[in-house]
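Novice: Sharing a structure with you now.
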Amino acid sequence: AAAAGAEHVRDEGGVRLVELGRAFANEFPIRVVCEVLGFPDEARGDFYYWYNSMMSGLGASETHKQGLEARQHLEDYVGGIVEARRKQPTYLYDEAGNPLSKDIISKLCETKVDGDYLSTEEITSNIALVVGGGGETTRGAILNMWYLLLQHPDQFQAVCKDDSLWDAAFHETLRHSTPIGGQPRHNTFDIELHGVQIPAGSLVNMVDFSANHDDRIFEEPETFNIFRDDLYSGKLLRSGFRKEGRCSHMAFGVGPHLCPGAWISHQEAVEGSRVLLEHLKNPRINVDRMPKDIDGKKLAPIGLVSVRQLWLDADG
């Protein structure tokens, strides 16, 4: 991804100017998803088109039709791969060329639910879901994490000295500034929350921001602090985590709606950031190129989405 984004890295008098989104974060998660799914090399170009079209076509935008067509093209293409992988599975390999495991499409082809193999339609729908959700959210998490860490130099230096702290930084970022604000859900049974009766079948908007900033759960929730002792920073569990005063954030959902790509996203953000540190010497935010707060001086807060661009200076 760094090579693909080389035009977004410039040397200005011994200082490297880097836009971290286009130089790394925008493309890196998509490459990983493409790899673990088992897409053939010759289809990579189409894969980026399908992903970008699907993401730009969300909602009632002018590109909605293009997004729907891209999803259909993706599912048609994956359908052909599925039929081939049922007969001949393919594998993921390590750097030495040794097989690690079957790729995701091959694994789905041999998966059974209630004694029956998944249908081609079920597999293609799941792949489309992974493609749609496996890029933008991780891109946002990487950029948000670096934006927040670099505004807290003591925490960034701690991560530089002890790279095991990247796990805590990732989870604290998703608690403090998740790129996904919430998910609409229909409840399947009657429920009462805080004295309010919610009948079965109601449309409920689960607001992650509110849960992640609940001061009954997290102390000083508006403060970004990778050292907080009330946030669980391990591998996320489907049932969530609440033990000895530590709780999970809600950025990936919980229960049957836990994001299936949560662990991949976690690894992409953490391992990708470790690699970035090897190539960025003394990185700092280029304040002049970044959006400002209402006073026109301080850096703008992240808000309810994610950083769109992150301009950095680094020593050459």
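The values are calculated or read from the model by the stated rules, or taken from the named source; none is laboratory data. Since the model is a prediction, treat every value here as computed from it, not as a measurement. Because the Cβ atoms are built from the backbone with ideal geometry, glycine has one as well, and the counts that use them run over all protein chains shown. For accessibility, only protein heavy atoms count, side chains too; no ligands or nucleic acids. Shrake-Rupley method; radii C 1.70, N 1.55, O 1.52, S 1.80 Å.
Novice: Go through the stretch 177-198 residue by residue and tally those that are part of a loop (DSSP other than H, G, I, E, B), open to solvent by less than 40 Å² (accessible area, probe 1.4 Å) and among the β-branched types (V, I, T).
Specialist: Initial filter on the stretch 177-198 (part of a loop (DSSP other than H, G, I, E, B)): 178-181, 187-190, 194-195.
With the extra rule that they be open to solvent by less than 40 Å² (accessible area, probe 1.4 Å), the set shrinks to 178-179, 181, 187.
Checking the rest, the ones that are also among the β-branched types (V, I, T) come to 178.
Residues flagged as part of a loop (DSSP other than H, G, I, E, B), open to solvent by less than 40 Å² (accessible area, probe 1.4 Å) and among the β-branched types (V, I, T) within the stretch 177-198 amount to 1.
Novice: Specify the residue that is nearest to L108 (Cα to Cα); the eligible residues are those in the stretch 72-98 that are of a type in the set (S, T, N, Q) and more than 27 Å from the chain's Cα centre (by Cα). Break it down into steps so the answer makes sense when it comes.
Specialist: Initially, the stretch 72-98 is screened for residues of a type in the set (S, T, N, Q), giving 72, 88, 90, 98.
Among the residues that remain, those that are also more than 27 Å from the chain's Cα centre (by Cα) are: 88, 98.
Working: Q88: 13, N98: 21 Å.
So the residue we want is Q88.
Novice: Something else about it: Output the number of the condition that H152 fails; it satisfies all remaining conditions of (1) open to solvent by less than 50 Å² (accessible area, probe 1.4 Å); (2) touching a residue at least 60 places away in the same chain (Cβ under 8 Å).
Specialist: The failed condition is (1).
Novice: Spot the failing condition for V78; the list is (1) farther than 24 Å from V270 by Cβ; (2) touching a residue at least 60 places away in the same chain (Cβ under 8 Å), and only one is missed.
Specialist: (2)
Novice: Additional query: Of everything in the stretch 279-306 that's small (G, A, S) and in contact with a Lys or Arg (Cβ under 8 Å, 6 or more places away or on another chain), which residue is surrounded by the fewest Cβ atoms within 10 Å (Cβ to Cβ)? Talk me through it step by step, then tell me what you get.
Specialist: Quick first cut of the stretch 279-306, residues small (G, A, S) only: 296, 300, 303, 306.
Now narrow it down to the ones that are in contact with a Lys or Arg (Cβ under 8 Å, 6 or more places away or on another chain): 300, 306.
Details: A300: 12, S306: 23.
Out of the qualifying residues, it is A300.
Novice: Then there's this: Could you tell me which of the residues A70, A43, A84 is without any contact (Cβ under 8 Å) to a residue 40 or more places away in the chain, among the aliphatic types (A, V, I, L, M), out of contact with any strand residue (DSSP E or B) (no Cβ under 9 Å at 6 or more places or on another chain) and open to solvent by 30 Å² or more (accessible area, probe 1.4 Å)? Reasoning before the result, please.
Specialist: Details: A70 fails: open to solvent by 30 Å² or more (accessible area, probe 1.4 Å); A43 fails: open to solvent by 30 Å² or more (accessible area, probe 1.4 Å).
Answer to the check: A84.
Novice: Shifting gears a bit: In the stretch 99-116, which residues are open to solvent by less than 100 Å² (accessible area, probe 1.4 Å), without any contact (Cβ under 8 Å) to a residue 60 or more places away in the chain and assigned to a loop (DSSP other than H, G, I, E, B)?
Specialist: E110, T111, G115
Novice: Still on this structure, I have one more. Looking only at the stretch 237-270, filter to residues that are in contact with a Ser or Thr (Cβ under 6 Å, 6 or more places away or on another chain) and in a loop (DSSP other than H, G, I, E, B); which one of those is nearest to E172 (Cα to Cα)?
Specialist: A251
Novice: I've got another one for you. How many residues are in a loop (DSSP other than H, G, I, E, B), within 22 Å of F24 (Cα to Cα) and hydrophobic (A, V, I, L, M, F, W, C) if we restrict to the stretch 301-312?
Specialist: The qualifying residues number 4.
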